[in-house]
């Protein structure tokens, strides 16, 4: 992927903004941004299709959660109680900071999602993206080409002819 380094930088930015946001609210984005970074640094190059799919689904889910959080929280955190509760009114700066950081995190997740989605779209069928068959793809990652070569060799008979209708093996 040509934008791999940019995606890593956006995930680092997401981690930093989530850490800053944790001063105001409990932010699950810290955990998921470091999880995404572990995937990108350690596992992505082994099977880009599989791990791109995981990152796309993860970022899309987190993006939806953040949007819901903003829809629910913004009306309350942007409001003033009109002097009835001075403590609440004094937290308006903190609330504004949390809302601003949520927008920053949404933008960073959107950037990571766009990079991975466009890369996936350019190389694979989009219909495969919506299939949540992680077990089958992980199994193919474990077995790799060894199963394919075993199937090819086992389908050849003694005369050297190849079976034109090979049976699919399930490796467990």
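The stretch between residue 22 and residue 47, if pulled fully straight at 0.36 nm per residue, gains 5.7 nm over its current Cα-Cα span.
Projecting label points 7 angstrom from Cα along Cα→Cβ for residue 96 and residue 37 puts them 3.0 nm apart. Annotation for segment 1-34 versus segment 112-126: alpha-carbon center distance of 20 Å. Over segment 4-129, the alpha carbon radius of gyration divided by the compact-protein estimate 2.2 N^0.38 Å works out to 1.24.
Quick note: the coordinates plus some simple rules give every number you see, no bench work behind them. Fair warning: this is a prediction, and the values are worked out from it, not measured in the lab. As a convention, Cβ positions derive from the backbone with ideal geometry for all residues, glycine included, and neighbour counts pool all protein chains shown.
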